[in-house]
Amino acid sequence: MSATRRTILTYVGLFVFIFLVGLWQGPQNITLLLAQSIAYALIALGLNIQFGYGGLFNFGVMGFLMVAGASTVFVSFPVNHDFWGSDGPLLLGRALIAFLAGALLVWGARQSDKLGVKGAWKSTLVVACWFIAYVLYRSQLDPAAQYIEAKSGWIGGLGLSPVLGWVVGAAVVAVIAWIIGKITLGLRTDYLAIATIGISEILRNFVKNMDWLTRGTLTVSPVPWATPLPQDLQAQGVSIDNSFLYARLGFIALTLVFLVIAFFLVSRAYAGPWGRMMRAIRDNYIAAGSMGKNVTRRQLEIFVLGSVLMGLGGGMLVTLSQIFDPSSYQPINHTFLIWVMVIVGGVGNNWGTVLGVLLIYIIWIVSDPIAQLMFLNLSHWTEQIGWGAIPEIDSRSLQMRVFVLGVVITIALRYFPRGFLPEVVRRDK
Amino acid sequence: MDQFIFFLNKVMVPGLVTGSVYALGAIGVTLIFGILRFAHFAHGDMMTMGSYFAWVMATALAAMGIVLPIPLGFVVLPVSMALTAVVALGLDWAFYAPLRRRGAKPVTLLIASIGVTLMIQGLVRLIFGSSTRDFFVGNEEKVIYRIDLSALGGTRPLVISQPQIMMWIVTAIVVLALHYFLTRSRLGKGMRAMADNPDLAQVSGINTQLVVVVTWIIAGALACLAGTMLALDVNLRPDLAFNIILPIFAAAIVGGLGNTYGAIAGGMLIGFAEALAVFNWTAVLRPFETYLPNGWTFPNTLSLVPPEYKLTVAFVILVITLLNRPTGIFKGAST
Amino acid sequence: MPILEVKNVVGGYGGVPILNGVNISIEQSDIGVIVGPNGAGKSTTLKAIFGLLKVTSGNVLFEGREIANALPDKLVPMGLSFVPQEKNVFTSLTVEENLEMGGFIRRDDISGTLNEIYDMFPVLKEKRRQQAGELSGGQRQMVAMGRALMSKPRLLMLDEPSAGLSPRYVLEIFEHIVAVNKAGVAILMVEQNARQALAFASRGFVLAQGQNRFTGTGPELIADPEVAKSFLGG
């Protein structure tokens, strides 16, 4: 059957599935699911660009999402007047200067071969400068961090619009992606995967521990919305149930605009000359390079572009949940889940990616209540035969998700290596 | 003298402990990489699984009233190691071998191993819950030796626990045994040959199937050993191993993937690097304060990296190695 | 009965076949040499015999038994041995360990054969504790041959054994091959150094474009003006 028919049929099946789940879980829950799915869809589209179009194995998605979330919080959370009234900004300014000075020092050391310092001497010099820069930076930052945490808790936010927060988050992530891309994109594919996992863990450590910047494990909440909150609607007389429903629908309306625009732009780009070149590079790396295309630069482009979408989605996730909790970021939830969505949905196919997001996310969420039911029944049985009830059913059922995700990955790799809706390769005339 | 004892307690002992655990895990990873040519991400969870096997067996023994001078966790090791080895073989048969037969790329196998990781993690938590447990079952307690060094002028004791001593002994024995196996036995040499040049190994008539089986057996057994010892030293938790998989990869990569001795060295290196990085140098440098210019003192804590960032050390080493010398400090398998 | 028969073999790496009906036949006492221009399918023939690529039609018979598409590690116990052209030693293993690997399949004591190999290649005995990767090209080739002989094969196949070797080593290698053959091992080899190799070949096969063009004893082929003109450079 043709690709279009296949797409339409699979989507019809998907909507039936969503409808049935909606009947079971109720309209409030399903709207929450859908709202989260839109954010995940943006993130997955970003990964699809990196992996599906570019063949890049980015396993550091979690790190990007954390950074985007932190940036969104910084932009949209109300201003912390304690901080701005104290010496905090001054100390931070000094730390920033120290950072820049250190960066300059290291950069200079790396250029030292132009002054005639070569080989082992240059390496020693660079390492020494890294060390000095690090000590310098720490000497300014540690007292600043301690001061801020003691006096005002953390630097707070800027009190601006959450949508601006999403955009800023995307920009920050793009910068970080550029840096990471610059240094890692030359690596062999599985090394790249491991390196990105490592970098993402490093980022996580930083965001988690920089209490002065992100409040760390103390978490930040409530993060404001751009559309009316349930509380706002309740104040206007809407019933509690409906308030959640309408509020989430409002959020969905806003984010859907982003998703549609992004989807449209990405699909247009894919179909055009840029997309063709990307595919050429992905499919025949060596040949493309020998044709004079600057492969590394293109890969960097793809990497950064994909990360922009991830940044948007990551910011939306935090705004939606209204909490920024660094410890809630796990590679499982945030990196591997997205990967499964893309692989199962269809690598290189945007419609497939969105399908994958909805399907996998719902399976992910629904595994928990199903497991609870299973455990409750099992617990009854064990009680009856004298073994006693099963403890901690709640936290255990949550783990079912992880198991299910693992099973899904395995099955997908074995039987659907190209996903439900594989890439549509059009024969150019 | 006290400073030296402090250094021993805070750097040498933890470094050797962590280093041994990393080394044993890294050996498994590097063997699998050298012979099966993929990064086995599920290794950390194999360690967790192995430690839970040991715990269940030890608990069973304790319930039967058995009490021994050494922790039951150690006593059941041979059995739990064998069990983990069998499971490892099962994992390969079920998940990796089919993909290998279809000529899957190393990255595909990495993703498959991520799937296996998630399944094992989910199962372990489903069955055992997410709580942290003390490995000592029944009425056992951790035996801690406080070695009085007052004869040498120290006022603080050197603190070493019984599980730690056993760990070092067992690690040393295992490493020696592995060395003999790899250099003296026909099968061990066959493994090295296959890691060196898999095509030639097949052409030479080396039984590649057998080598693959032995690889998984060794990797599984060592993973159980490392996981159990770690749990005995710290505690038993489901995410015991997820935190460890990246430092172990770092150790294997630094040592040169496919190079067993490199993996041991890499493991020790990273173990000590972590201990050194969070070490509070001030305590050691205090006696030298008198040599500083008037009025200068050392800050209260002078460590290279704040303790919360301890795990970051391994990741940083990993990333730096991947970027500068992906083949590792020692010569690894030619990729 | 010929020890090896290749009958009308068609095969390749998937896709367009490289071999389009190749015929080879050698007896136990033969030194068979396959020559031809680049791309003729010489190395491909050896690999097809040894199960390293797919044979889509035709037969490969070793001592009368069909072995087409068998796995390489089943063929060694049957009495075949293969020395690839490149990467033909275990560089991180010592010379002695390399040889031991050749005897992997043997259940009996291999030290007798090991000593025979050392007698044949005294330099290997000298360097037996050195890593194979540190040896020169010619010495490595000896290790590769020694490794292949450790399994006591009845048929030894070599893919361009003289490739990349200095003239002195080329001569030495060929002398060794002749000696091995005299000791009772059938030889089938592919060679670029056509003239030199055909000089002592009891069976010569000239291939082009995946098919046989000329067959005969080595000296016959060298003497044949047509062969000499087209394939031996006159």
### Message
Show me the trypsin sites (Lys or Arg not before Pro) within the range B:81-190 that DSSP assigns to loop and that have at most 15 other Cβ atoms within 10 Å of their Cβ.
### Response
B:Arg102, B:Lys142
### Query
Helix B:13-36 versus the longest principal axis of chain B: what is the Cα-based angle in degrees, 0 to 90, to the nearest 10?
20
### Task
Could you rank C:Leu80, A:Leu100 by how accessible they are, 1.4 Å probe, largest area first?
A:Leu100, C:Leu80
#### Entry: Protein accessible surface hidden between A and B, which excludes ligands and nucleic acids, total in Å², probe 1.4 Å
4000
### Query
Taking all protein chains as present, what is the carbon and sulfur share of the accessible area of the range B:107-257, in % to the nearest whole number, probe 1.4 Å?
60
### Query
At what distance in nm do the modelled label points of C:Phe200 and C:Tyr13 sit from each other, each positioned 7 Å from its Cα along Cα→Cβ?
3.3
### Query
Is the shape of the range B:32-121 rounded, prolate or oblate, going by the alpha carbon gyration tensor and its root eigenvalues a ≥ b ≥ c, with a/c under 1.5 for rounded and a/b larger than b/c for prolate?
prolate
### Query
To the nearest 0.05, what FRET efficiency results for B:Arg101 and C:Arg65 with a Förster distance of 35 Å applied to their C-beta separation?
0.85
### Message
Skipping prolines and chain starts, which residues have an amide H placed within reach, meaning under 5 Å, of the one on C:Gly21, given they are 5 or more residues away or on another chain?
### Response
C:Val9, C:Val10, C:Gly11
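Using a 1.4 angstrom probe, figure out how much accessible area the protein assembly as shown has per residue, in square angstrom, rounded to the nearest whole.
Heavy-atom SASA per residue in the protein assembly as shown reads 43 Å².
For chain A, compute the number of Lys pairs whose alpha carbons are separated by less than 28 Å, excluding pairs fewer than 8 positions apart on the same chain.
For chain A, qualifying lysine pairs total 8.
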### Task
Would you calculate, for chain A, the mean residue ellipticity at 222 nm contributed by helices, counting each DSSP H stretch of 4 or more residues as -39,500 (n - 2.57) and dividing by all residues, to the nearest 500?
-25500 deg cm²/dmol
#### Entry: Shielding by partners, peptide B:317-327 (average Cβ within 10 angstrom, other chains)
4
#### Entry: Within chain C, longest stretch free of exposed GluC sites (Glu not before Pro) [DSSP loop, at most 16 other beta carbons within 10 Å]
C:87-234
### Task
Could you tell me, in Å, what Rg and Dmax come out for the Cα atoms of the protein assembly as shown?
33.0, 108
### Query
Based on DSSP H assignment, which helices of chain C show an axial Cα extent of at least 15 Å together with a mean Kyte-Doolittle hydropathy greater than or equal to -1.0?
C:137-149, C:167-182
### Query
Charges only on Cβ, +1 for Lys and Arg, -1 for Asp and Glu: so what's the dipole of chain C about the Cα centre, in debye to the nearest 20?
320
### Task
Apply the Karplus parameterisation 6.51 cos²θ - 1.76 cosθ + 1.60, with θ equal to phi minus 60°, to every residue of the range B:83-100 and state each ³J(HN,Hα) to the nearest whole Hz, in sequence, with x for glycine and proline.
4, 4, 4, 4, 4, 4, 4, x, 4, 5, 4, 7, 10, 9, 4, x, 5, 4
### Summary
Carbon/sulfur accessible area of chain A, % of total, 1.4 Å probe, equals 68
#### Entry: Counting DSSP beta bridges with both ends in the protein assembly as shown, the antiparallel % (nearest 5)
60
### Query
In the range A:45-154, with Lys and Arg counted as +1 and Asp and Glu as -1 at Cβ, which of these residues, A:Val117, A:Ala133, A:Ser76, has the Cα nearest the positive end of the dipole, that is, farthest along it?
A:Val117
### Residues of the range A:124-158 with amide N under 14 Å of the 7 Å Cα→Cβ point at A:Asp82
A:146-157
### Query
Along the Cα-to-C-beta direction of A:Gln330, a point sits 7 Å from the Cα; which residues of the range A:297-315 have their amide N less than 20 Å from that point?
A:314
### Task
Would you mind getting me the FRET efficiency between B:Val143 and A:Asn377? Use the beta-carbon distance for r and R0 = 35 Å, nearest 0.05.
0.20
## Note on the structure
Here FRET efficiency (C-beta to C-beta, A:Leu9 to A:Trp107, R₀ 60 Å, nearest 0.05) is 0.60
### Summary
Once normalised by the length of the range A:366-421, the mean sequence separation of its alpha carbon contacts under 8 Å that are 6 or more apart gives a contact order in percent of 38
### Message
Among C:Thr113, C:Gly164, C:Gly51, which residue has its Cα furthest toward the positive end of the charge dipole of the range C:50-196, with +1 on Lys/Arg Cβ and -1 on Asp/Glu Cβ?
### Response
C:Gly51
### Query
With respect to the cross-link table entries C:Lys47/C:Lys74; C:Lys7/C:Lys47; C:Lys7/C:Lys182, which display a Cα-Cα separation exceeding 19 Å?
C:Lys7/C:Lys182
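Compute the normalised compactness of the range C:1-123: alpha-carbon radius of gyration over 2.2 N^0.38 Å, N being the residue count. Before the final figure, lay out each step's value.
Numbers: Rg = 16.3 Å, N = 123, 2.2 N^0.38 = 13.7 Å.
The value comes to 1.19.
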### Summary
Output for the range C:94-162: trypsin sites (Lys or Arg not before Pro) sitting in coil per DSSP, at most 12 other Cβ within 10 Å, listed by number, reads C:Arg107, C:Arg129
### Accessible surface of chain C, 1.4 Å probe, proportion on carbon and sulfur as whole %
50
#### Entry: Long-range HN-HN contacts of C:Leu158 with modeled amide H, under 5 Å
C:Val83, C:Leu188, C:Met189, C:Val190
### Query
If C:Thr56, A:Thr7, B:Thr228 are ordered by their accessible area, calculated over protein heavy atoms with a 1.4 Å probe, which sequence runs from highest to lowest?
C:Thr56, A:Thr7, B:Thr228
### Query
Accessible area drop of at least 20 Å² (1.4 Å probe, protein heavy atoms): which residues of the range B:167-204 qualify, relative to the chain alone?
B:Arg186, B:Lys189, B:Arg192, B:Ala193, B:Asp196, B:Asn197, B:Leu200, B:Gln202, B:Val203, B:Ser204
### Query
Could you give the dipole magnitude of the protein assembly as shown about its Cα centre, charging the beta-carbon of Lys and Arg +1 and that of Asp and Glu -1, in debye to the nearest 20?
1980
#### Entry: Dipole of the range B:1-109 [Lys/Arg +1, Asp/Glu -1 at C-beta], most positive-end residue of B:Ala104, B:Val21, B:Leu77
B:Ala104
### Query
About its Cα centre, what dipole magnitude does chain B give when the only charges are +1 on Lys and Arg Cβ and -1 on Asp and Glu Cβ, stated in debye to the nearest 20?
840
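DSSP H helices in chain A with Cα extent of 24 Å or more along the helix axis and mean Kyte-Doolittle hydropathy at least -0.5?
Sorted by number, the helices that extend far enough and score high enough are A:3-25, A:27-47, A:88-110, A:119-151, A:162-184, A:189-209, A:240-271, A:295-321, A:350-384, A:393-415.
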### Query
Mind checking how much accessible area B and C bury in total, 1.4 Å probe, in Å² rounded to 100?
1900
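The values are calculated or read from the model by the stated rules, or taken from the named source; none is laboratory data. These numbers were taken from a predicted model, which means no experiment stands behind them. Reconstructed Cβ throughout: ideal geometry from the backbone, glycine too, with neighbour counts over all protein chains shown. Please note that ligands, DNA and RNA were not included when accessible areas were found on the heavy atoms of the full protein model with its side chains. Shrake-Rupley method; radii C 1.70, N 1.55, O 1.52, S 1.80 Å.
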